[in-house]
1. Filter the range A:143-156 down to the residues that are assigned to a helix (DSSP H, G or I) and either aliphatic (A, V, I, L, M) or surrounded by fewer than 19 Cβ atoms within 10 Å (Cβ to Cβ) (or both) and list them by number.
2. Can you tell me which residues in the range A:1-42 are under 18 Å from B:Y113 (Cβ atoms) and free of Cβ contacts under 8 Å to residues at least 40 places away in the same chain?
3. Going by what's in this entry, would B:F104 be described as assigned by TED's automatic domain parsing to the domain that holds B:H165, under 26 Å from B:Q23 (Cα atoms) and modelled with pLDDT of 95 or more?
4. Suppose we filter B:R139, B:R130 for residues that are in contact (Cβ under 8 Å) with a residue 24 or more places away in the chain and either within 19 Å of the chain's Cα centre (by Cα) or away from DNA strand D (no atom under 16 Å from the Cβ) (or both); which single one remains?
5. Filtering the range B:157-179 down to residues that are more than 8 Å from chain A (Cβ to nearest Cβ) and touching a residue at least 12 places away in the same chain (Cβ under 8 Å), which residue is most open to solvent (accessible area, probe 1.4 Å)?
6. Can you name every residue in the range B:26-39 that is more than 7 Å from DNA strand D (Cβ to nearest atom), more than 14 Å from every other protein chain (Cβ to nearest Cβ) and either of a type in the set (S, T, N, Q) or not in a helix (DSSP H, G or I) (or both)?
7. Kindly indicate which of A:M185, A:M164, A:M171, A:M102 is more than 19 Å from A:Q62 (Cβ to Cβ) and under 16 Å from the mean Cα position of the chain (by Cα).
Number of protein chains: 2
Amino acid sequence: MRTRDEQKELTIREKALEMIVEQGFDGFSMQKLAKAANVSPGTLYIYFKDRDDLIMKLWETQMKNMSDAILYNFDPEASFEEGLRVQWMNRARYLIENPLSMQFMEQIKYSPYHHVSLTRLDNNFLDMMRKFAHNAIKRKELVKLPIEVYWSMAFAPLYQLVKMHITGRGMHSGPEKFVLDEKTMNMTLKLVLKALRPT
Amino acid sequence: MRTRDEQKELTIREKALEMIVEQGFDGFSMQKLAKAANVSPGTLYIYFKDRDDLIMKLWETQMKNMSDAILYNFDPEASFEEGLRVQWMNRARYLIENPLSMQFMEQIKYSPYHHVSLTRLDNNFLDMMRKFAHNAIKRKELVKLPIEVYWSMAFAPLYQLVKMHITGRGMHSGPEKFVLDEKTMNMTLKLVLKALRPT
DNA sequence: TTTATAAATGAATGAACATTCATTTATATT
DNA sequence: AATATAAATGAATGTTCATTCATTTATAAA
């Protein structure tokens, strides 16, 4: 019996991610993917049921990797300032080290593929995020507000900065690339903490 | 001589926008668009050079509409608080009233189509936004910070809330739809102002 | 009313698409 | 070494794709 080639599947997934990010879902075809991964088109259907299954599995893996990275060293019982700082660093590090992952997830977010049902994992992750916020409110380290407002204030600025860093397109007029360094991140985190700290 | 049918072009553009938002660039084809707009495939090529031209023109129009809406009643010489409030209301109103526009622009942002060169209009718009921020810093109504940090703090939370409103997917655990009302918006704007006000 | 011209048509073209399947290849098990 | 089995192949299938073009239709200008 011939055995499954783990490396082959990894190559397929990697090339697929690259193709989708570079050429969009539009320019992503099974035949081009087969060529890029150095396998025959038929081989793709051994590892994945069909094109949609491949895209969905790609998405699930990226989500898993990202949430693992976010939870690294994170304790939902930690103080708000400490917990938020850990999450900012984790999110920024992961996204900057995995720009393809970020661009793929952004692309899928507003596409029809996003209508994949949430897995148990996602719900656990969300529960943890909510618990952290509720803890902080209870301890009066965080102003009392709807969870969506908290989420928007706490993370949207960071994601905006990371997106600018990855695309290189900032807001300045010249041709210089925007680079998100630690100083800029700390400055922004300080502003966010100021907004969210009870007076 | 037969004349150009303005209404026909509008219908084509409208249906194209709907199709792209509902089915992605993937599911968007010239033949399906022709059927949806009740014209023959050939007619599409009278109004648009090709598929890419159609998508690009769609994008330009949406950008123009959006920046017009943002600048409505906006004065870059106004006080920071007043100017930011006007922009928040303008942005929120436009996006909530034009959810297709928002979803289309989000979809294009991370696709290969985004590599369209900025028009003069965009640059004027950006100049105005920068001028507003610089004025506010000069007047000590806004903390001194890099323009990208300002941008991330000032607008990313709003956009996050609008996105949740349009998709209906908030952060809560139940099946209730998230709705961005005026109270929630004012609450968030207050937090943003708190963060950005010099101490 | 006639004429000139651009809009509009839709069948046709060839390329690219996702997927299948009869066949071949590699290898774990015996 | 023989066998069984799943991986891997790649040509083939039928569909859909973007785009073209000879033809027809509507209408502004004469």
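1. Across the range A:143-156, the qualifying residues are A:I147, A:V149, A:M153, A:A154, A:A156.
2. Across the range A:1-42, the qualifying residues are A:M19, A:E22, A:Q23, A:D26, A:G27, A:F28, A:S29.
3. yes
4. Residue meeting the stated conditions: B:R139.
5. Filtering the range B:157-179 for residues that are more than 8 Å from chain A (Cβ to nearest Cβ) and touching a residue at least 12 places away in the same chain (Cβ under 8 Å), the one most open to solvent (accessible area, probe 1.4 Å) comes out as B:V179.
6. Passing the criteria: B:A37, B:N38, B:V39.
7. The match here is A:M164.
Here is a yes/no grid of residues against (1) touching a helix residue (DSSP H, G or I) at 6+ places or on another chain (Cβ under 8 Å); (2) under 27 Å from A:G27 (Cα atoms); (3) open to solvent by less than 30 Å² (accessible area, probe 1.4 Å):
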position	(1), (2), (3)
A:L84	yes, no, yes
A:Y94	yes, yes, yes
A:N98	yes, yes, no
A:F132	yes, no, yes
A:K140	no, no, no
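The values are calculated or read from the model by the stated rules, or taken from the named source; none is laboratory data. These numbers come from a predicted model, not from an experiment. We place every Cβ from the backbone using ideal geometry, glycine too, and count neighbours over all the protein chains shown. Side chains are part of the model used for accessible areas, which takes the heavy atoms of the whole protein and leaves out ligands, DNA and RNA. Shrake-Rupley method; radii C 1.70, N 1.55, O 1.52, S 1.80 Å.
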